[in-house]
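Some notes on the structure that comes next.
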Amino acid sequence: MKLNVVVSLLLLLISSATCCPPSDRRALLAFRAALHEPYLGIFNSWTGQDCCHNWYGVSCDSLTHRVADINLRGESEDPIFERAHRTGYMTGHISASICELTRLSAITIADWKGISGEIPKCITRLPFLRTLDLIGNQISGGIPYDIGRLNRLAVLNVADNRISGPIPRSLTNLSSLMHLDLRNNLISGVIPSDIGRMKMLSRALLSGNRITGRIPESLTNIYRLADVDLSGNQLYGTIPPSLGRMSVLATLNLDGNKISGEIPQTLMTSSVMNLNLSKNMLQGKIPEGFGPRSYFTVLDLSYNNLKGAIPRSISGASFIGHLDLSHNHLCGRIPVGSPFDHLEAASFMFNDCLCGKPLRACLKK
């Protein structure tokens with residue numbers, strides 16, 4: 001009889017040691033209570049005492065058995081979505097109870113289309129957080145002003161929401177951040193002038209907002225930066241020539257702003273392969289200096305105030321896939337040879353006096 005009692009106690013201890021703590025379970029249930037998911041039933045699995053096993057989208061640390069990841073995506077190849085033949089839709093808000101899960105390293109609540117409310121301010125008190133991905137909802141309010149406390153954060157993605165207010169100054173304290181995606185929100189104000197402190201940043205995607213001011217020179221100090229998208233904002237001033245001296249920058253989208261001045265010659269022989277400067281107020285001539293190092297999958301300079309002739313050195317580029325020089329004030333003969341022999345007339349339309357293939361023939365003098 002005593003042996004049975006000892007065995008039962010041991011089994012109870014083993015079970016409690018491998019289950020999530022009751023406090024984590026309570027926090028998850030409070031988090032769930034603030035959300036409504038009517039179609040897929042993803043929360044039907046959130047039953048029983050052990051939230052570490054078979055709770056959809058919940059993962060725990062194998063040693064501490066504390067909740068480490070919440071991964072809920074409204075667009076997924078998971079069988080639950082395939083059986084329903086639809087993407088997910090969820091309403092409600094992100095409860096502050098999520099902050100009671102103090103060992104969280106990743107929060108992904110993405111592409112649910114209907115989740116609203118604000119980002120809980122207490123989220124900045126999660127010391128182990130590495131990923132915060134809330135893309136594709138209706139979240140409003142501002143980015144927490146003290147977001148810079150999350151010194152392990154590597155991914156911050158709040159794109160396609162209704163986030164407003166400025167970019168917090170403390171954001172530049174995120175020395176581990178590699179992926180910053182704030183696209184398609186209502187963010188205003190300027191890009192922090194000391195953004196160059198974020199030495200690990202490889203992607204800075206800020207397009208489709210209401211950001212004003214100049215492109216910070218310090219941006220060019222981030223040597224890992226490969227993808228910069230500032231399009232669709234209200235930026236003004238000139239393009240820093242040092243952008244063309246960045247060693248790994250491959251994509252630079254500045255289209256749809258109020259940027260003026262001349263195009264830096266450094267961009268023509270830089271590492272940038274996708275360069276979009278369209279729909280700005282750029283002036284002067286298209287720089288000469290194209291050469292074997294010039295490799296562009298996209299080179300879009302349309303809808304500006306560029307004048308003069310198309311530089312003949314473009315023919316010396318190693319590759320230009322898509323070229324758009326339309327809606328400027330260019331004049332003169334379109335060069336022959338590559339890349340011009342595969343371009344259509346739309347690439348050159350609405351200029352002052354361009355001629356030659358694929359436009360009308362030039363008049364003989």
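The values are calculated or read from the model by the stated rules, or taken from the named source; none is laboratory data. What you see is a predicted model; the values in this text were computed from it and never measured. No Cβ is skipped: glycine too gets one built from the backbone with ideal geometry, and neighbour counts run over all protein chains shown. Accessible surface areas use protein heavy atoms only, side chains included; no ligands, DNA or RNA. Shrake-Rupley method; radii C 1.70, N 1.55, O 1.52, S 1.80 Å.
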Inside segment 305-322, can you point out the residues that are farther than 19 Å from D341 by Cβ and surrounded by fewer than 21 Cβ atoms within 10 Å (Cβ to Cβ)? N305, K307, G308
Just for segment 55-64: of the residues that are in a loop (DSSP other than H, G, I, E, B) and at pLDDT 95 or above, which one is nearest to T18 (Cα to Cα)? D61
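Return yes or no: is S302 open to solvent by less than 10 Å² (accessible area, probe 1.4 Å) and either over 26 Å from L249 (Cα atoms) or in a loop (DSSP other than H, G, I, E, B) (or both)? Step through it out loud before you land on a result.
Values: open to solvent by less than 10 Å² (accessible area, probe 1.4 Å): yes; either over 26 Å from L249 (Cα atoms) or in a loop (DSSP other than H, G, I, E, B) (or both): yes.
The answer is yes for S302.
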Subset of segment 100-132, residues surrounded by 21 or more Cβ atoms within 10 Å (Cβ to Cβ) and assigned to a strand (DSSP E or B), comes to I107, I109, A110, I115, L132
Show the residue pairs meeting these rules: Cβ distance below 8 Å; 6+ apart or different chains; first residue within segment 320-333 and assigned to a strand (DSSP E or B); second residue among the basic types (K, R) and open to solvent by 60 Å² or more (accessible area, probe 1.4 Å). H329/K307; L330/K307; C331/K307
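Could you please find all residues in segment 261-275 being assigned to a loop (DSSP other than H, G, I, E, B) and open to solvent by less than 20 Å² (accessible area, probe 1.4 Å)? Lay out the reasoning, then the answer.
Residues of segment 261-275 assigned to a loop (DSSP other than H, G, I, E, B): 261-264, 270-273.
Within segment 261-275, G261, I263, P264, S270, V272 qualify.
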Given the conditions (1) over 20 Å from I115 (Cα atoms); (2) not in a strand (DSSP E or B), which single one is not true for A68? (2)
Condition met for S278 (polar (S, T, N, Q) and open to solvent by 20 Å² or more (accessible area, probe 1.4 Å)): no
Within segment 83-90, is there a residue that is open to solvent by 30 Å² or more (accessible area, probe 1.4 Å), modelled with pLDDT under 95 and of a type in the set (A, V, I, L, M)? yes
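Counting residues that are under 17 Å from N274 (Cβ atoms), at pLDDT 95 or above and open to solvent by 10 Å² or more (accessible area, probe 1.4 Å), which strands (runs of 3 or more DSSP E) fully inside segment 141-258 reach at least 2?
In segment 141-258, the matching strands (runs of 3 or more DSSP E) lie at 227-229, 251-253.
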Looking at segment 323-345 only, could you name the residues that are surrounded by 15 or more Cβ atoms within 10 Å (Cβ to Cβ) and touching a helix residue (DSSP H, G or I) at 6+ places or on another chain (Cβ under 9 Å)? L323, D324, L325, S326, I334, P335, S338, P339, F340
Return yes when K357 is surrounded by 14 or more Cβ atoms within 10 Å (Cβ to Cβ), closer than 22 Å to L235 by Cα and of a type outside the set (S, T, Y) and no when it is not. no
Within segment 282-299, the residues that are in contact with a Gly (Cβ under 6 Å, 6 or more places away or on another chain) and either of a type in the set (S, T, N, Q) or part of a loop (DSSP other than H, G, I, E, B) (or both) are F290, G291, T297
If the Cβ limit is 6 Å and pairs must be 6+ apart or interchain, which residue in segment 138-157 that is closer than 22 Å to H93 by Cβ pairs with which residue that is open to solvent by 20 Å² or more (accessible area, probe 1.4 Å) and not in a loop (DSSP other than H, G, I, E, B)? Q138/S116; G141/E118; G142/G165; P144/K121; D146/S170; I147/S170; V155/T131; V155/H179
